[in-house]
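Please read the structure below before turning to the comments.
The values are calculated or read from the model by the stated rules, or taken from the named source; none is laboratory data. Since we're looking at a predicted model, the values are computed, not measured. Neighbour counts are summed over all protein chains in view; Cβ atoms, including those assigned to glycine, are modelled from backbone coordinates with ideal geometry. With ligands, DNA and RNA removed, areas are computed over all heavy atoms of the protein, side chains included. Shrake-Rupley method; radii C 1.70, N 1.55, O 1.52, S 1.80 Å.
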Amino acid sequence: MKTNKDISVTVEKTLPTWYIVMMLFFIALCLITIFHKSILVYCQQTYHDDFYYLIKLLEKNSIIQNVKDMNNDDSDVDEKGNALIISDNDLIEPNVITNPIQKKHERKPVNQSDKISNLNNNKSIVHNMSSQDILSQLVKITNDILANNNLKDNKTTKIAIKASKKPVEKHVYKTSENDELSLITLNQKDRVLFAGDSLMQGVAPYVKKMLFKQYKIESINLSKQSTGLAYPKAFNWPKTINDSLVANPSIKLLVMFLGPNDPWDFAVKGYAKYAKFKSELWEEQYRLRIVSILEIAKQNHVHVLWLAPPCMRKPKLNDGMIYLTQLYKSEVEKAQQHFLETNELLGCDYDEFKSFIETEKQKVKVRVDDGIHFTPTGQKILAEAIMKQITIEELEDTQID
């Protein structure tokens, strides 16, 4: 007997080349669509063109404004009626952009007899010329300078920004001979607002309990983990605080405690590249966010108590906290608000991390194993330190338990 066996043959079909090319093109297009922002951030080596040409325009306008100011100045002619000369050095050099307010043209009176000698010395002489002629001549010189200036690197931009900045004086608020701020005065009708990251999440509940138990003061805890001032698109603390103060006029004290989520690069509007942590641009933007919170509090007549982030176990994060503490402290002092150091309370400093504080009897653990957050004991220590910054003004016909 013969048995017929079915033989199955598997035929492998290859995809056409055009189909593979189309699929790869489609995948590439999808990836570019998804990651186009990252590509711009990490591949583009210069700032936006509009920012680039803005600096060039400012340079041109700065020189022209100097010329206009010079024409409107009565000192262009001395007492004898002699015209004044402007030396070549008086013009702004291409690689240095100065503020017209900060630098004045040096002018010298010149007699008619000095005219030829001054021309031989490459001096631009203004004599018996109308204001319009003077302006047109110097604008022409300005255009020639700008035409020869290619602005090959960003040094010009950096110099321009630095030249326009005015040095900021540091103000320390002194209320006593010991140069210490007076205590924060509240009454029973006032409220306290807590804002910050997970550091505040552990401390705020203890302070809330103490405030109500001792003084019958209500408080609001808005602390939220994984938040800070570096990424306002993820969570905007200035806006959140402003909305809370407007909605609750009885809030008279804002307690801030954050930091560990912020020592990273972040995007800045108008710049293609991320601002590097600790860079001049990064610090400028971060200070503005600190100042905005302090200004919001000032407008609403609210005290601010800002806690310094303590030492951290990881060296890189600890270094970031040192830097941020300097920013917080300087801006808080300028605003004449209250700043509270936390390292000494927790038995450590930025040079040496410690999880324990030592007493005469034993060691007490105040930091958890992640080297960032606090144990319940550490949270209570910080809460008590906050309470020591507050004094209560008793209202008439009321008693505090």
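If Lys and Arg each add +1 and Asp and Glu each add -1, what is the summed charge of the other residues whose beta carbon sits under 12 Å from the beta carbon of LEU245?
Spelling it out: positives minus negatives among the neighbours equals +2.
What is the antiparallel percent of DSSP beta bridges lying wholly in the stretch 284-385, to the nearest 5?
60 percent
Relative to the present Cα-Cα distance, how much length would full extension add between GLU218 and ALA267 at 0.36 nm per residue of separation?
So the extension gain works out to 13.9 nm.
Quick one: Karplus J couplings for the stretch 387-393, per residue in order, coefficients 6.51, -1.76, 1.60, θ = phi - 60°, nearest Hz, x for Gly and Pro?
4, 6, 7, 10, 10, 10, 9
Amide H to amide H under 5 Å from THR185: which residues, 5+ apart in sequence or cross-chain, H placed 1.01 Å off N in plane?
THR391
Using a 1.4 Å probe and counting only protein heavy atoms, arrange ILE357, ILE184, ILE34 so the residue with the most accessible area comes first.
ILE34, ILE357, ILE184
For GLU384 and GLU284, what is the calculated FRET efficiency with R₀ set at 41 Å and r taken between the beta-carbons, to the nearest 0.05?
Taking R0 as 41 Å, the efficiency between GLU384 and GLU284 is 0.70.
Rank GLU331, GLU280, GLU394 by accessible area, highest first, at a 1.4 Å probe radius?
Of GLU331, GLU280, GLU394, the descending order of accessible area is GLU394, GLU280, GLU331.
How much length is gained on full extension from ASP243 to MET22, taking 0.36 nm per residue of separation minus their Cα-Cα distance?
74.4 nm
In what sequence, highest mean first, do 218-230, 249-261 appear when ranked by Cβ atoms within 10 angstrom?
So the order, starting with the most tightly packed, is 249-261, 218-230.
With all protein chains present and a 1.4 Å probe, how do LYS269, LYS213 order by accessible area, largest first?
From most accessible down to least: LYS269, LYS213.
So between HIS301 and TYR350, what do we pick up on full extension, going 0.36 nm a residue minus the alpha carbon distance?
Using 0.36 nm per residue and subtracting the Cα-Cα distance, I get 14.3 nm.
Roughly how many whole Å is it from the C-alpha centroid of the stretch 269-290 to that of the stretch 21-35?
The distance from the Cα centre of the stretch 269-290 to that of the stretch 21-35 comes to 33 Å.
Between LEU15 and LYS329, how many nm apart are label points set 7 Å from Cα along the C-beta direction?
Each label point is offset 7 Å from its Cα along the Cβ direction, giving 6.1 nm.
Using Cα-Cα distances under 8 Å and only pairs 6 or more residues apart, what relative contact order does the stretch 245-401 have, in percent?
18 percent
For the stretch 327-332, take each phi angle, set θ = phi - 60°, evaluate the Karplus expression 6.51 cos²θ - 1.76 cosθ + 1.60, and give the result in whole Hz per residue in order, putting x for glycine and proline.
Here the 3J(HN,Hα) series is 5, 4, 5, 5, 6, 5 Hz.
Between PHE374 and residues 5 or more places away or on another chain, which pairs have amide H atoms under 5 Å apart, with H built 1.01 Å from N, and which residues are they?
Result for PHE374 returns VAL368.
Can you list the residues, at least 5 places off or on another chain, whose amide H is less than 5 Å from the amide H of ILE251, using H built in the peptide plane?
ARG191
Please compute the net charge surrounding ASN261, taking Lys and Arg as +1 and Asp and Glu as -1 over other residues with Cβ under 12 Å from its Cβ.
Here the count lands on -1.
Please give the FRET efficiency for LYS361 paired with PHE235, using the beta carbon to beta carbon distance and R0 = 41 Å, rounded to the nearest 0.05.
0.45
If packing is taken as the mean number of other Cβ atoms within 10 Å per residue, what is the order of 345-353, 25-33, 197-205, highest first?
197-205, 345-353, 25-33
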